[in-house]
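Taken together, the values in this text are just the output of simple stated rules run on the coordinates, not laboratory data. This one's a predicted model, so the numbers in the text were calculated from it and none came from an experiment. Glycine gets a Cβ as well: all are built from the backbone with ideal geometry, and neighbour counts include every protein chain shown.
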Amino acid sequence: MASGTGSLLESLLRRSDAPDAAYRVAAIVVDRDCRAADISRESGIQLIDCRVAAYPDRAAWDADLAARVGAAEPEWVVTAGFMKILGPAFLSRFGGRVVNSHPALLPSFPGAHGVADALAHGVKVTGATVHLVDDGVDTGPILAQEVVAIRVDDTEDSLHERIKSVERILLADVVTDLVTKGVVIDGRKAIIP
Ligand code: GAR
C-alpha cells in the first residue's frame, strides 16, 4: 500500500524477484495518483485504487478497502508510505498482519511528519522503524529499528533520503523474516524467532 514515490515498494518488489524470494506481491494498493500505480501497470501486478473521495464517508472507504484487499487474499499487508490511517473495518480483518515502515525511531516522532519533527527537535540521531500496525498512530509493536545520524547541514530532504535508503533494506528484510519465521507477540514486544 503506497501513496508516495514508491521506492519502498520497488525495493519490496526487487526482493520478490530474487530466485530465492520468500514472498510475492499479490496486489498494489494506492489511494491517489502516484508512482506506485505506474509500478503496478509496469509490473502487471493487480492495482487496487481506493480513494476516500469516491466514498460517502471514511467508514465506507475503510470497509470497501478491507473487502478489496481481502479479495487478493494477502498473508501480510505492508504499508510502504501509505499516507492514510487504516480504520476499524480494515484492522479487524487484518489486525496483527499489517506492517508499516516509519521514518523515525518510534515512539519518538510518530505521524505524517516524522523526519521534519526530528530535525526541528534537534535530536542527533533518528532512523527507521518497522512495526506492526494497531489502532493508534504508529504505536504498534516494534519489529526492527535502525539508527541514522543527523548531520549539521541536513535538510528534511537529505535526511529523509538517507532514512529511506535504510528503510528499503530493513522493510524487505522484516517482510522476509515475517513470512519465513512468523512473529510472537508478548505484550508490547514483538519477537521474530
Ligand atoms: C517512507 O519514508 C515511509 O517511511 C514514509 O513515507 C516514505 C515513503 O517513501 N511513511 C510515512 O511517513 C507514513 N507515516 P517512498 O514513497 O519513496 O516509498
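Under a cut-off of 27 Å between alpha-carbon atoms, report the lysines in cross-link reach of K84, not counting same-chain residues fewer than 8 places apart.
K164, K189
For a quick check: sort E156, E42 by the number of other beta carbons within 10 angstrom, fewest at the front.
So the residues, fewest neighbours to most, are E42, E156.
What length, rounded to one decimal in nm, is gained on full extension from D134 through to A149, with 0.36 nm per residue of separation minus their alpha-carbon distance?
That works out to 2.6 nm of additional length.
Can you give the helix-only mean residue ellipticity at 222 nm for the chain, where every DSSP H stretch with n ≥ 4 adds -39500 (n - 2.57) and the sum goes over all residues, rounded to the nearest 500 deg cm²/dmol?
So the helix-based figure for the chain works out to -12000 deg cm²/dmol.
Can you find, among G122, H160, A89, the residue farthest towards the positive end of the dipole of the chain? Put +1 on the C-beta of Lys and Arg, -1 on that of Asp and Glu.
Going by the Cα projections, it comes out as A89.
Test of understanding: ordering V123, V174, V166 by Cβ neighbours within 10 Å, fewest first, what list do you get?
V123, V166, V174
How large is the direction-averaged shadow of the alpha-carbon convex hull of segment 1-141, in nm²?
9.1 nm²
Determine the gain in length on full extension of the stretch V184-R97; use 0.36 nm per residue of separation and subtract their C-alpha separation, reporting nm with one decimal.
30.1 nm
Given +1 on the Cβ of Lys and Arg, -1 on the Cβ of Asp and Glu, and no further charges, what dipole in debye does segment 109-174 carry about its Cα centre, rounded to the nearest 20? The partial results should precede the final answer.
Values: 5 positive and 12 negative charges, 44 e Å.
So the dipole magnitude of segment 109-174 works out to roughly 200 debye.
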